[in-house]
Each structure stands twice: as structure tokens, then as C-alpha cells.
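Everything on this sheet refers to the single structure shown next.
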Amino acid sequence: MPLVLDATTHATPVGPLSLLQDADGVLHAVGFAPAPERLAPTLRAPVRLHVRPELGATSTAVLAYFEGDLYAIDALPVARPGAGFVQAARDAMRGIAPGTTVSYAALAARCGNARAVRAAGSACAGNPVALVVPCHRVLRSDGTLGGFLWGLDTKRWLLAHEARHAALRASA
């Protein structure tokens, strides 16, 4: 039986952002894709989508993030596929404050296994709810961007957006 999800796509300053959530408002996929159907393969399960113009509180929070309220997305519930280290890494990513970054090595250390740098990278790479679980805030140890499923230009834009608004908030 397929997973039934509500879906929408919002225009953002960095491109279209698609969202898939269940009837309880739990996000299953978030990505910079022009159509929600493009996110379905990230779920690795059959899905049936109901495309909607917006997704209520989820849409409100995501759009507020792009208007500068960087913390608006923090409380959005997300599905938790994976186990063990993957869950620890995704929890740790949600603890990275907007406007800051950590390295893959630091992320691994936050998960209790400083030697699990590759596993930290894999948790980022397989993250189906990008933006809300902010894998874009994780960089290589040398400070370079590393990878991002939705493109390095998008990652660069998100980091600049967060740095700009975090600085404004700090000076207020």
C-alpha cells in the first residue's frame, strides 16, 4: 500500500522548493525540486501524492524562513527513516544553529563517534528533508562546501542567507 502524502511546491529566492508531508503534518521529503513528484524517489517506498496549493503551518514556517525568520522551521516534525548513527546525525544537524556550520568530523563527534566521518557524510547525503534537517550547515574539515544534493549554488545561497539574517538578529 503506498504512503499517501500531501505535496506542494513554493517559489523561493533560490528556486522552487517541494514539500511532502503526511496527514499529521510530518514532513517526509523536502527538496529544491520544481515538482513534488521529483522527491518521491528519495523516500524509497511507493507513494501517492495529493498536490495542494500549500500545506498550512508547514508552508507558513518554510516561507517565514526565506523571509528571514531562520528559526521558523525548527519545530517542524520530520519522519525519521534510518536507525542508530543516522538518527543521531540528523538530530545533531537540527542542533546546528542558523548562521553557523560544523565539519563532517565535528558532526561525527557530536554523535559520539569522532571516527565516523564517512557515516556523517552519508547521513547528510541521504537526508530526505533537506533545509529542515539542515545538512547544508555541514562542511568539509578544510572549510569547503563538500556536497549537497540540490547543488552547491543552493548550499552557498542558504549559508549566505542564514549568515546575513543571523547577523541582523545578533545586532538587534
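Every number here is computed from the coordinates shown, using simple stated rules; none is lab data. Because the structure is predicted, anything quoted here is derived from the model rather than measured. So basically every Cβ, Gly included, is an ideal-geometry build from the backbone, and we count neighbours across all protein chains shown.
Here are the numbers for this structure:
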| quantity | calculated |
| --- | --- |
| Sum of -39500 (n - 2.57) over DSSP H runs of 4+, divided by residues of the chain (222 nm, nearest 500) | -10000 deg cm²/dmol |
| More than 24 Å apart - percent of Cα-Cα pairs taken over region 22-172 | 32 |
| For Thr8, residues with placed amide H under 5 Å, excluding near neighbours | Leu19, Arg52 |
| Debye equation applied to the C-alpha atoms of region 3-66, log10 I(q)/I(0) at 0.12 Å⁻¹ | -0.24 |
| Likely footprinting exposure, Leu55, Leu19, fewest C-beta neighbours within 10 Å first | Leu55, Leu19 |
| Electrostatic dipole magnitude of the chain [Cβ: Lys, Arg +1; Asp, Glu -1; Cα centre; debye, to 20] | 580 |
| Per-peptide average of other Cβ atoms within 10 Å, ordering 145-155, 161-171 highest first | 145-155, 161-171 |
| Relative contact order computed over region 85-171 (Cα-Cα under 8 Å; 6+ residues apart), in percent | 32 |
| Long-range HN-HN contacts of Ala29 with modeled amide H, under 5 Å | Leu20 |
| Amide H contacts under 5 Å for Ser103, placed H, 5+ residues apart | Leu139 |
| q = 0.11, 0.12, 0.22, 0.24 Å⁻¹: log10 I(q)/I(0) that the Debye formula gives for region 85-171, counting C-alpha atoms only | -0.26, -0.31, -1.02, -1.19 |
| Euclidean distance between Cα centres, region 120-172 to region 48-63, Å | 22 |
